[in-house]
Amino acid sequence: MRYLSTRGHADRKRFCEILLEGLAPDGGLYLPERYPQVDAIALQRLRESFNGGRPGGYAALAFEILSLYIDDIPAADLRALCEKTYTEAVFGTPQIVPLKKLEDGFYLEALSNGPTLAFKDMAMQLLGNLFEYELARRGEELNILGATSGDTGSAAEYAMRGKHGVRVFMLSPHGRMSPFQQAQMFSLMDENIHNIAIEGVFDDCQDIVKDVSNDLAFKRAHKIGTVNSINWARLLAQVVYYFAGYFQATTKDTEQVSFTVPSGNFGNVCAGHVARQMGLPIRTLVVATNENDVLDEFFRTGVYRVRGSADTHETSSPSMDISKASNFERFVFDLLGRDGDRVKAFFGEGLSREGRFDLSTDPVFAEAASHYGFRSGKSTHANRLDTIRDVYQRHRLMIDTHTADGVKVAREHREAGTPMVVLETALPIKFAETIVEALGRQPDRPAQFQGIEDLPKRVKVMPARTADVQAFIAEHCARA
Ligand SMILES: *Cc1c(COP(=O)(O)O)cnc(C)c1O
């Protein structure tokens, strides 16, 4: 299997070559040259591997699917990496992603029982093990630099903690994350994890990461890398739980299932697109957005219009507060018949200059729905509160704000005879303020998180200056 860039670069690379990279050299995103096809016999075999979610089933399924895309890690090693990642000890249940039934034909797929209680653990935990494996094989080290306002940073830290050859330097806006999120990140005492609280806002943190990445001499000397959502290995890891959700919602491989996905950067639902392209019988993929409706607007109108920071709303489902969807280019590449030149024209300078592109009059736009099965919808703060309340009253189940956006939109797209699976992307404890607003009571707190706000914290507060951050990184690289 070789990987290509969505912007037409001639290079073809193997999995481990792109594992530690972000963008392709031409600014595009990596995708496989073709999607491996899963026919009826293969699907039957995958269902048997998953084995109804019995212990080891998810890891076996992950191994089978990853093997279709990775041919430069020996099979025994890849299997061991999957078995080490997807355990009941880390994800809380033997099924790893159990389905919870709300009513007949309407389910939640629980993706948020990993260490940080959000679905990003599903991919990030695997990435931690893949990074450690590949760095050891090369005899190299990597310093991961990132900016976070919550979920991504903590998922990265919990995936990389204690891993050999990897250090994490994670910037967050000082005093702006919730007490729970701060406690989750800052209570990590691992030598290789460095929390840096920047006196500024999230954009300041991101600007510093960009400055450091643009300082090529520093970047090379200090082996700086990232783990952002465009990483192909992260997306690939997410393909697995669409299969696991499908097998749990059906008894026969001839049935179809629809998924609704609370979306921000389009990483999660893009994994669903890949699963569908492989031949998994997915009927529709419903993209649910919050008030930041860049994606809903595209699927309704064919116009992709990125927002400025002034038009990006701070909402009660903050992990979906995006101004542009970084993984969307992957889907558009397929939609445009894999025409790298057109993708480059749309997403390169065109988008920076115009801030939009328009496919509304292009015949391919209709295929987003007719051929690729995409639908979309939007949810607001009021919808979120209503949905959290309704699900709690009717099903005695507390859902988080992002999942509530999914449930709200999913209800608008249900079809008789086709099960609808909503991906649960976080647990309510992470967004307690809105739960209290909706239900008048605190969300339940899993036992291992009792009292984490009182644990000692390890964090360095710094002014929003790139040079200070660089000095801190250099000092900690020299020390080890
Ligand atoms: C990251 C995140 C999302 C959005 O996922 P994308 O892959 O960026 O579309 C939704 N919900 C939660 C809780 C998240 O952390």
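Every number here is computed from the coordinates shown, using simple stated rules; none is lab data. Just so we're clear, the structure is a prediction, and the values are computed from it rather than from any experiment. Every residue, glycine as well, gets a Cβ built from its backbone with ideal geometry; the counts of neighbours run over all protein chains shown.
Ranked by Cβ crowding within 10 angstrom, fewest neighbours first, how are 402, 381 ordered? Write out the running numbers ahead of the final one.
Working: 402 30, 381 17.
Going from least to most buried by this count: 381, 402.
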> Quick one: length gained pulling residue 137 to residue 217 fully straight, 0.36 nm per residue minus the C-alpha distance?
Replying inline: 26.3 nm
>> Multiplying the sequence separation of residue 475 and residue 323 by 0.36 nm and subtracting their Cα-Cα distance, what value in nm do you get?
In response: 51.3 nm
>> Suppose every Lys and Arg Cβ carries +1 and every Asp and Glu Cβ carries -1, with no other charges. What dipole size does the chain come out with about its Cα centre, to the nearest 20 debye?
In response: 520 debye
> Which distance in Å, rounded to a whole number, links the C-alpha centroids of the stretch 355-431 and the stretch 244-298?
Replying inline: 10 Å
>> Modelling each spin label as a point 7 Å along the Cα-to-Cβ direction, I'd like the residue 447/residue 87 distance in nm, to one decimal.
In response: 1.8 nm
>> Using Cβ contacts closer than 10 Å as the measure, can you line up 309, 376 from fewest to most?
In response: 309, 376
>> Run through the stretch 217-306 and list the GluC sites (Glu not before Pro) located in a DSSP loop whose Cβ has at most 16 other Cβ atoms within 10 Å.
In response: 255
>> As an exercise, identify the trypsin sites (Lys or Arg not before Pro) in the stretch 316-399 lying in DSSP coil whose Cβ has no more than 15 other Cβ atoms within 10 Å.
In response: 338, 396
>> Through the Karplus equation 6.51 cos²θ - 1.76 cosθ + 1.60, θ set to phi - 60°, convert the phi angles of the stretch 225-240 into ³J(HN,Hα) values in whole Hz; use x for Gly and Pro.
In response: x, 9, 9, 6, 6, 8, 4, 4, 5, 5, 4, 4, 4, 6, 4, 4
>> Using the basic label-point model (7 angstrom from Cα toward the beta carbon), what is the residue 37 to residue 201 distance in nanometres?
In response: 5.0 nm
>> Ignoring everything except DSSP H segments at least 4 long, calculate the 222 nm mean residue ellipticity for the chain; use -39,500 (n - 2.57) per segment, divide by total residues, nearest 500.
In response: -13000 deg cm²/dmol
> GluC sites (Glu not before Pro), restricted to the stretch 329-384: which are DSSP loop and have at most 13 other Cβ atoms within 10 Å?
Replying inline: none
> How long is the gain from residue 414 to residue 393 if the chain were fully straight, where each residue apart is worth 0.36 nm and the alpha carbon distance is subtracted?
Replying inline: 5.5 nm
